[in-house]
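Here the structure comes first, spelled out in structure tokens, and everything after it is commentary.
The values are calculated or read from the model by the stated rules, or taken from the named source; none is laboratory data. On a predicted model such as this, the values are computed, not experimentally measured, just so you know. Cβ: placed from backbone, ideal geometry, glycine included. Neighbour counts: every protein chain shown. Calculation scope for accessible area: heavy atoms of the full protein, side chains included, ligands and nucleic acids excluded. Shrake-Rupley method; radii C 1.70, N 1.55, O 1.52, S 1.80 Å.
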Amino acid sequence: MWRVSKSVVCAALFFPAAVFAAGPRSESSIGDVLRVRAGEELGPASIAVEGAPAVRWEQVEGKDVMYVIRPDWVQSLLGASRDKASLLAKGLVGRAFPGLGIEPTSEVGLSVAVDFVKAGSSVEIVLRGSKGEVLKSLTASSSRPVRWQTDLGRFFGNDLGEESRVEMRVLRGSARGFLSTLVDGKPGPGQPLLEKAGGSGYFNYAVNWQTTSALYYTVSFGPANTCGDLYTFRNGSWLVGGGWLCTNSSGYAYKGPWTWASTPSDQTDKPAYIRWPDGTQTTPDNHVWDKTCATTYRTSPAYPNAVPLSYYGHATDAAWGAGFTNSWTLARSYFEDRTNPASILYWSPSTGSYNAARTGVAPSLSGMPAMTAYWNQTTFPPVSAHVSGHTYRWQTCVDDGHCTQCADTTFTAP
């Protein structure tokens with residue numbers, strides 16, 4: 001029978017067969033045990049082991065019917081067992097990507113469920129950040145087949161990043177694993193820990209603006225003659241399209257075209273990938289339809305009849321648009337003497353006066369990548385460059401890769 005270490009009797013209802021070693025590595029053998037070794041950040045309360053399932057009896061059309069009740073994480077493992085690719089033998093490494101579709105400020109809870117299929121199985125589980133650094137790790141072994149789950153902790157999206165991954169290496173025996181995520185209190189679609197790749201999936205553009213050509217989605221090196229489901233985290237919610245794309249005999253497929261004009265509003269698919277019937281999936285890719293111009297604001301003090309002594313502000317983009325990034329954001333400030341509308345003069349840093357043709361001066365930008373960027377103009381006309389009674393307009397534009405509503409400040413020099 002399974003035995004319980006006295007140090008974790010309080011959790012016996014949830015894992016009636018666990019011995020947990022935290023901090024310094026220690027070994028003990030107490031009959032049939034699940035032995036977990038981890039750092040101090042993981043304790044006994046983070047482990048659950050499947051016990052005898054609960055049952056519920058109901059009368060259905062005059063007959064007694066028994067329903068078996070299992071925790072969600074056990075159901076996930078049972079579902080994964082239908083995919084042959086989910087069963088990993090000694091030496092194989094299964095991977096899943098917890099950062100897919102996660103916004104930087106979202107709170108993410110991670111847990112991994114493991115099915116030890118053979119007696120004497122052992123695995124190493126490692127959570128890695130975007131640069132490959134180890135965030136959490138543990139090893140576990142069991143003297144007999146058992147299903148169990150470990151809570152890896154809580155993170156923010158910017159702690160993980162899209163390249164973060166959970167790895168499960170099978171050291172002995174055979175096992176399958178399943179990653180579950182809880183994003184801002186809502187469950188995301190689980191991912192089996194798979195060793196086999198499912199090909200490359202990619203869009204021909206990362207962002208489609210009004211002037212961008214049509215969008216296509218392509219899959220290369222996928223399974224041959226196979227139809228897969230589309231999984232996309234669109235505008236904050238997961239969508240699944242069954243049988244959305246089918247490959248040819250070479251594992252190649254594409255869909256499209258889609259156009260900016262036919263897309264009704266801003267749309268972010270982050271990520272999008274194809275999951276095949278064997279449980280594998282394509283590499284994820286991101287795409288944005290940007291339909292709404294950004295808006296630039298001045299937040300520094302300004303007075304109708306005084307020359308500004310500072311000049312700064314911010315810009316915002318609509319939710320699910322392209323936002324601001326060094327890859328495509330352009331910012332310019334224009335300082336205009338508009339006293340004679342027919343002959344507007346621009347201030348130039350090289351001359352220090354309003355006597356030039358249209359000249360833009362770049363402000364510094366911070367806070368990117370994000371949906372809000374902050375600008376600060378450190379180079380702008382001094383008070384001495386202005387003529388009393390002349391009308392001036394200072395204008396700053398921070399675009400989202402295509403357009404923006406600029407911030408205007410108009411004043412008459414005293």
If we keep just the residues of the range 265-289 that are assigned to a loop (DSSP other than H, G, I, E, B) and modelled with pLDDT under 95, which is surrounded by the most Cβ atoms within 10 Å (Cβ to Cβ)? T282
Among G401, G352, the single one that is at positive phi, small (G, A, S) and in contact with an Asp or Glu (Cβ under 7 Å, 6 or more places away or on another chain) is G401
Taking the criterion of being touching a residue at least 60 places away in the same chain (Cβ under 8 Å), part of a loop (DSSP other than H, G, I, E, B) and loosely packed, with under 14 Cβ neighbours inside 10 Å, would at least one residue in the range 346-365 satisfy it? no
Looking at G251, G243, G222, which is the one that is more than 24 Å from G157 (Cα to Cα), touching a Cys at 6+ places or on another chain (Cβ under 8 Å) and either open to solvent by 20 Å² or more (accessible area, probe 1.4 Å) or not in a strand (DSSP E or B) (or both)? G243
For the range 148-165 the number of residues that are out of contact with any Gly (no Cβ under 8 Å at 6 or more places or on another chain) and either open to solvent by less than 10 Å² (accessible area, probe 1.4 Å) or at pLDDT below 85 (or both) is 4
Filter the range 112-133 down to the residues that are in contact with a strand residue (DSSP E or B) (Cβ under 6 Å, 6 or more places away or on another chain) and over 25 Å from G79 (Cα atoms), then identify the one that is most open to solvent (accessible area, probe 1.4 Å). R128
Members of the range 166-186 that are within 21 Å of A45 (Cβ to Cβ), crowded, with 17+ Cβ neighbours inside 10 Å and out of contact with any helix residue (DSSP H, G or I) (no Cβ under 6 Å at 6 or more places or on another chain): V166, G177, L179, S180, T181
Condition test on P277, is it in contact (Cβ under 8 Å) with a residue 40 or more places away in the chain and out of contact with any helix residue (DSSP H, G or I) (no Cβ under 8 Å at 6 or more places or on another chain)? yes
